[in-house]
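All remarks here apply to the structure that follows.
The values are calculated or read from the model by the stated rules, or taken from the named source; none is laboratory data. All of these numbers come straight from a predicted model, not from anything done at the bench. Neighbour counts run over all protein chains shown; Cβ positions are idealised from the backbone, glycine included. Areas reflect the complete protein model, heavy atoms only, side chains present, ligands, DNA and RNA absent. Shrake-Rupley method; radii C 1.70, N 1.55, O 1.52, S 1.80 Å.
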Amino acid sequence: MIKKLLIVLVTFFAIQSYGQEGTASPYSFYGIGSLKFKGTVENRSMGGLSIYTDSVHVNLRNPAAYAGPNLSIWNNENRPVKFSVGASHNSSNLIADSGEAKVSSTTFDYLAMSMPLGKFGVGFGLVPYTSVGYKLEDIDDDVITNRYSGEGGVNRAFIGLGYQISNKLSFGVDMNYNFGNIQNSAIEFVYDSEGNIVQYQSRENNRSDLSGLNFNLGLTYRTMLNDKLELQAGLTYSPKSDISSINERTFSTIVISATTGQEFVVNEIEGDLEADGLDKTDLTLPSRFSFGGGIGAPRKWFVGGEYTLQNTSEFANPIVSIENANFVNASNVSFGGFYIPDYNSFGSYWKRVTYRAGFHFENTGLEINNETINEFGMSFGVGLPVGNVFSNANLGVEFGRRGTTNQNLIQENFFRLQISLSLNDRWFEKRKYN
């Protein structure tokens, strides 16, 4: 099944990753967009917890999880090839002092595969890293003074290798190639002495094409505390890195249709970014460190916590300078777990279902008008067995809040519906002869 689906899904996902708007958040206006969660629906349904590893689910956050012990059901000769694909629908209610608005977006979130190679394991895939999608207006005395819009984002293609150092400890490394573009525009509205909008307006367009490499290192540790309880722990570290940005800027005189709002260009000139040394710039991606642990009964239940620190104060983008906003170090705390009534039940399908829940609290690292932008979310999900005993379909929901209405800012109350397929197959089987 995996072999037949793989080529079609890779092609479809690659096309969609360029065309989709992965967010409708006004906070994607800042930096290079809203940071996307690099994890599966299974992780997200447990509050973003990613320290748990097993032989049948892809772990996108810790490359050490590509390696692991073989399955006893296969005479300890092998473990499955794992394939996962996920998508989500996001709906948000934006609340400000001036009113409310509803926005939504639907996106493919990841496509990944992991294969065993003895004590090694290799993984590769494609995920979005950041997303930009906003339409904002400045209003003064019920009159629009400026309009801002943006789209695009950064995608991440990765390949990684894990190695099982011992039965308890594994190490891994991911190499990520970041690529994509961000486009934004700003219109300054001009009015005559009687307050009527004039025919011609000015628009500034900016485009940045981004590309570059960064790395992610990981460790996983698991051991039985007694006959029933297992301890699992994980650690990841991504060092600071730079990616290149090729920038363009144009200035246009436009006419805006009063009926459709469509913008028509009358004339256009290119900005001279080269004279300011801004045609080619380096953009700093901040370092990131996470660690966590938990306990549980294998194939029965698990509960744990995870802490992530990201040095977003290191973020730098020379072409973007916003006076009322700056970046500080970001942090995230996640708690969650799962429960399986009876994974081996033949009499009841629902006893084999995995039930997940969790919550997280995040300081996004963005500070606007001296207000820190925080996020809180609660999540729930189920893993539904399909096909063979190892494959499943995963459904998840998340409710949460981002931002605040203080200092004329915007609060997002969001709802996220997620779905994924986690498919497993045995590709490398030793042939036995009588």
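Tabulated data
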quantity	calculated
Cα-based helix-to-principal-axis angle, 2-19 vs the chain, degrees rounded to 10	20
HN-Hα J in Hz across segment 271-279 - Karplus 6.51, -1.76, 1.60, θ = phi - 60°, x for Gly and Pro	x, 9, 6, 4, 5, 9, x, 10, 6
Average Cα contact separation per residue, segment 290-434, under 8 Å, 6 or more apart, as relative contact order %	15
Difference of contour (0.36 nm per residue) and Cα-Cα distance, V143 to Q262	41.0 nm
Accessible area in square angstrom per residue, segment 310-434, 1.4 angstrom probe	55
Gained length - S313 relative to E248, 0.36 nm times residue gap less alpha-carbon distance	20.8 nm
Residues of segment 324-351 with amide N under 20 Å of the 7 Å Cα→Cβ point at T372	324-335
The chain, dipole about Cα centre (Lys/Arg Cβ +1, Asp/Glu Cβ -1), debye to the nearest 20	3660
Table column - 3J(HN,Hα) (Hz), segment 401-417, Karplus curve with 6.51, -1.76, 1.60, x for Gly and Pro	9, 10, x, 8, 8, 5, 6, 6, 8, 10, 9, 9, 9, 10, 10, 10, 10
³J(HN,Hα) computed for each position of segment 49-57 - Karplus, 6.51 cos²θ - 1.76 cosθ + 1.60, integer Hz, glycine/proline x	5, 10, 7, 7, 10, 8, 8, 10, 10
Mean separation of Cα contacts under 8 Å (6+ apart) over length of the chain, as relative contact order %	17
Net charge of Cβ neighbours under 11 Å - reference R222; Lys, Arg +1; Asp, Glu -1	-1
Relative contact order (%) - segment 37-179, alpha-carbon pairs under 8 angstrom, separation at least six	23
Listed residue (Y343, F327, A186) projecting farthest to the positive dipole end of the chain, Cβ model	Y343
Net dipole in debye of segment 241-368 [+1 Lys, Arg Cβ; -1 Asp, Glu Cβ; about Cα centre; nearest 20]	1560
Packing rank of 57-67, 369-379, where each peptide gets the mean count of other beta carbons within 10 Å, highest leading	57-67, 369-379
Spatial separation of Cα centroids for segment 144-181 and segment 339-355, in angstrom	34
Order by protection proxy (mean Cβ within 10 Å, highest first), peptides 195-205, 401-411, 46-56	46-56, 401-411, 195-205
Apportionment of accessible area to carbon and sulfur, segment 83-163, percent (1.4 Å)	56
Within the chain, helix-based [θ] at 222 nm, where runs of 4 or more DSSP H residues each add -39,500 (n - 2.57), nearest 500	-1500 deg cm²/dmol
